[in-house]
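The structure appears right after this line, and notes come after that.
The values are calculated or read from the model by the stated rules, or taken from the named source; none is laboratory data. All figures in this text were calculated on a predicted structure; none of them were measured in a lab. Cβ placement follows ideal geometry from the backbone for every residue including glycine, while neighbour counts extend to all protein chains displayed. Surface accessibility is based on the protein's heavy atoms, side chains included, excluding ligands, DNA and RNA. Shrake-Rupley method; radii C 1.70, N 1.55, O 1.52, S 1.80 Å.
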Amino acid sequence: MKLRHLLLTLISATLAATAQTKAPQVFPPDESGYETWLRYTEQALPSETAEQLTRVHVGVSGETAEAALSEWSRAMEGFFDREVKRVSDPEQAGVLFALNSTLGEEAYQIEVAPRLRISGGSERGLLYGVFTALSSIQRGEDRAAWAKSSEPFISLRMLNHWDNLTIDPTLGSIERVDGSTIFEWPDLTRPNPRYEDYARMLASVGINGVALNNVNSDPAILSSELLAGVAALADTLRPWGIRVFITANFASPVLLDGVKTADPLDPNVQAWWRAKADEIYALIPDFGGFLVKADSEGRPGPGTYGRSHVDGARVMADALAPHGGIVIWRAFVYGRDISERTPHQRAADDVANHGSYEFMHLAGEFPDNVVLQIKCSVIDFQAWEPVHPLFGRMPDTRLGIEMDLAKQYKGYDSTIGWEGPYFDYILNHPMGDGDPPATIAEIVAGKAPGHEPGLIAGVANIHDARDWFGHMLNASTLYTYGRQAWNPQAAPEAILRDWAELTFGDAAASGVVELLDDSYDTQAKYHGLLGNHSLAELQHHYRPDPWEPLFAKKTGVTEHGIGFDRSSETGSAFLDLYPEAVAELYADPETCPTRFLLFFHHLPWDYEMDDGSTLIQFLYDQYYEAVEEVRAYEDQWRQLLGKIDLERWAHVQEKLAAEAWHAEQWRDIMCRYFLEVSGIPDEKGRFTEGTPESPHVRVNTGFWRGVQDYRARVQRERERIRAITDE
Ligand code: GCW
């Protein structure tokens with residue numbers, strides 16, 4: 001904060017001095033970032049057009065149509081400083097809001113002549129059409145270009161919040177997010193204008209479902225007190241087309257009501273879940289369902305009682321089915337003994353195989369109202385990790401994909417690293433058997449043979465910062481995610497361009513796009529290690545910890561080389577999990593994309609890379625390049641001074657400076673470590689043994705406050721379960 005004030009003071013002083021000597025410079029008025037891309041700034045359209053746009057006929061009744069009208073009104077006020085008049089005679093209107101039953105439920109169609117007509121297949125379709133038309137106007141598109149029609153590719157497009165409910169002192173922490181929740185858990189019934197703005201932001205990019213709390217679920221969420229609050233929040237989100245889901249702790253019957261067991265085959269447990277579902281639907285008639293993390297990272301699950309994932313999911317699915325709800329069962333399960341099902345022990349020992357062998361044999365067994373939610377990448381959410389092969393291994397199962405917007409291994413909100421290109425790679429990755437093979441997007445959308453519609457979920461990067469993200473440039477990731485979930489084939493760069501124009505205006509947009517478009521690769525140069533994983537310190541995931549005892553095992557570091565052999569012949573046979581064509585591509589170091597090289601191959605330090613350098617030199621160079629690229633961000637941003645209001649400009653400049661420092665830490669720690677293990681010096685002599693000095697890293701405890709909070713609760717839960725079952 002101090003630094004920002006200092007910066008602002010300096011800049012203002014410079015500007016004041018400039019103003020005395022030259023013509024006064026006019027800066028755009030300060031903004032806090034709160035409006036994100038929904039800024040609705042003044043538009044230069046002929047006053048006749050503006051007048052037309054404010055005469056609206058709403059030929060649809062319902063709260064979502066009203067929400068659409070309120071958004072239109074808000075925008076017209078911002079664009080033209082005019083109030084919207086609702087006219088009852090369509091002939092008198094300049095804008096028509098309508099339904100069109102020939103369109104898909106969430107589809108919209110925008111026609112521009114003779115009048116602007118926005119039609120939806122339902123009120124929700126209309127709402128999405130309204131947001132699209134407003135975006136066109138705000139970006140200054142010609143009227144003819146406002147005409148668009150579209151429908152979403154994936155029907156359920158969600159955000160998953162990892163909010164702890166810890167109510168002490170007032171607001172909860174969030175697992176893997178450096179900030180507190182925006183939800184006032186102690187009393188969600190208290191009106192808070194931020195909730196509606198949150199809903200508007202999500203709806204504007206087509207998000208239609210939210211899971212409100214951490215998958216490491218606090219059973220308290222299912223208590224009657226908190227459910228009343230969830231119902232109030234659901235009422236606020238509903239007009240914006242957003243359904244509410246919550247996570248369910250598998251041991252809830254024990255922890256909340258003292259039932260002796262949570263065994264899913266126990267009739268008392270089944271009755272408990274039925275009663276709970278009835279209670280929830282009486283409060284929230286369109287409740288979406290439960291998101292469940294079970295038998296994973298110490299969380300209770302059906303395995304605790306010797307039952308399968310299918311048994312576990314079924315007890316909840318049966319309770320929700322009469323009400324139309326679904327269970328979203330997470331496939332992020334590892335660390336259990338899978339050796340009975342793997343070809344050999346090497347395969348059982350590789351954590352990359354765990355999720356697949358946990359679930360593959362259950363394909364086709366889950367009830368119809370269960371969606372299996374698989375993390376997009378194999379190990380976790382690390383930089384440029386290969387896609388999860390389980391997407392191609394679960395025929396006759398509804399599948400969902402979980403993406404990470406919060407960047408827990410990629411610097412959290414202290415870095416940029418716009419994820420558009422990564423999401424694009426994942427969603428359009430071939431994974432099915434057909435010709436052409438189905439992509440992951442098609443599989444989760446239910447558009448590939450053998451799959452009913454599933455879902456896409458993004459782990460939210462939203463917190464209580466005034467600008468929602470703690471780094472205004474990271475709003476681009478949520479915006480892009482929503483647009484890609486709607487249309488996975490859309491070019492990410494075009495989406496980024498839209499976001500930049502909406503957020504920073506035309507004058508700055510190109511500069512912003514230039515800064516962000518390669519930023520994912522830049523951060524991967526230092527957070528990633530050519531696809532290798534688990535580099536970050538185990539607790540906070542913020543800086544690397546190569547001296548941690550398991551590091552060498554996980555990354556395959558030896559004196560001679562680095563990387564993990566995942567071939568069938570000599571390695572862990574992970575490659576066999578992919579369809580043949582995909583496996584072939586990755587199996588050969590010559591064809592394997594460089595960014596995944598060390599995930600699939602163990603290679604000697606002197607392995608010759610495409611550019612002719614040795615592997616070790618390539619790694620050193622990458623770290624140095626990354627730092628240079630991050631440092632260049634600051635210069636690029638400086639070019640935008642004057643094109644963006646000072647408040648937002650200074651916020652970003654401060655963040656970029658911090659990122660340079662962060663990248664240097666990674667470079668120094670990793671280079672020093674590689675020199676130590678390989679004994680091979682940097683050809684360019686940029687550092688030698690013992691230098692740089694052992695870096696002393698300050699780690700913001702915010703990065704793992706959410707984890708600590710949840711772990712403390714789990715400890716209490718364990719004691720309680722033990723006490724009840726032993727009674
Ligand atoms: O990688 C791990 C994270 C946990 C997270 C878990 C999961 C919510 O370290 O913080 O827990 O993934 O996705 O369940």
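Separation of segment 373-390 from segment 559-579 is 16 Å, based on Cα centroids. With the biggest extent put first, the Cα atoms of the chain measure 76, 75, 56 Å across the principal axes. Pairs from the list Lys525/Lys643; Lys375/Lys655; Lys276/Lys554; Lys85/Lys148; Lys410/Lys553; Lys85/Lys655 with a Cα-Cα gap above 32 Å: Lys276/Lys554; Lys85/Lys655. Here r is the Cβ-Cβ distance between Ser568 and Asp435 and R0 is 22 Å; the resulting FRET efficiency, rounded to 0.05, is 0.40. Averaged over its residues, segment 511-609 has an accessible area of 38 Å² per residue, based on protein heavy atoms and a 1.4 Å probe. Normalised by the number of residues in segment 348-423, the average gap of Cα pairs under 8 Å and 6 or more apart makes the relative contact order 31 percent. For the chain, the fraction of 1.4 Å probe accessible surface lying on carbon and sulfur atoms is 50 percent. Relative protection proxy for 251-264, 560-573, from highest mean packing down: 251-264, 560-573 (other beta-carbon atoms within 10 angstrom).
For segment 322-329, 3J(HN,Hα) computed residue by residue from phi via the Karplus equation (6.51, -1.76, 1.60; θ = phi - 60°) reads x, 9, x, x, 10, 10, 10, 9 Hz, glycine and proline entered as x. Which FRET efficiency value, to the nearest 0.05, do you get for Asp368 and Arg341 by plugging their Cβ-Cβ distance into 1/(1 + (r/R0)^6) with R0 = 35 Å? Computed FRET efficiency for Asp368 and Arg341: 0.90.
Near Gly289, the amide H atoms lying under 5 Å from its own belong to Ile246, Ile326; only residues 5 or more places off or on other chains count, and H is placed 1.01 Å from N. Helical content of the chain, expressed as a calculated mean residue ellipticity at 222 nm, amounts to -13000 deg cm²/dmol (DSSP H runs of 4 or more residues, -39,500 (n - 2.57) each, divided by residue number, nearest 500). Only Cα pairs under 8 Å and 6+ residues apart enter the sum, and on that basis the relative contact order of the chain stands at 13 percent.
Stokes-Einstein diffusion of segment 576-621 at 4 °C, 1.567 mPa s viscosity, Kirkwood radius from Cα pairs, rounded to a whole number: 115 µm²/s.
For Arg176, the residues whose modelled amide H falls within less than 5 Å of its own, excluding neighbours fewer than 5 places apart on the same chain, are Gly706, Val707. Once the 1.4 Å probe is applied to the protein heavy atoms, segment 269-428 comes out at 28 Å² accessible per residue.
Fully extending the segment from Ser223 to Glu727 would add 179.2 nm, taking 0.36 nm per residue of separation and subtracting the current Cα-Cα distance. Calculated on C-alpha atoms, the gyration radius of segment 554-595 divided by its Kirkwood radius gives an Rg/Rh of 0.99.
Full extension of the chain segment joining Ala282 with Asp506 gains 75.8 nm, where the gain is 0.36 nm per residue of separation less the Cα-Cα distance. DSSP bridge analysis restricted to the chain gives an antiparallel fraction near 30%, rounded to the nearest 5. With contacts taken as Cα pairs under 8 Å at a separation of at least 6 residues, segment 29-93 carries a relative contact order of 43 percent. In the full protein context, segment 116-158 carries 30 Å² of accessible surface per residue, based on a 1.4 Å probe and ignoring ligands, DNA and RNA. Model label points for Ala658 and Arg718, set 7 angstrom from Cα along the Cα-to-Cβ axis, are 3.3 nm apart. With R₀ set to 60 Å, the beta-carbon distance separating Arg86 from Asp611 gives a calculated FRET efficiency near 0.40.
Near Glu31, the amide H atoms lying under 5 Å from its own belong to Glu647, Arg648; only residues 5 or more places off or on other chains count, and H is placed 1.01 Å from N.
Segment 116-261 gives an Rg/Rh value of 1.08, both radii derived from C-alpha positions and Rh following Kirkwood.
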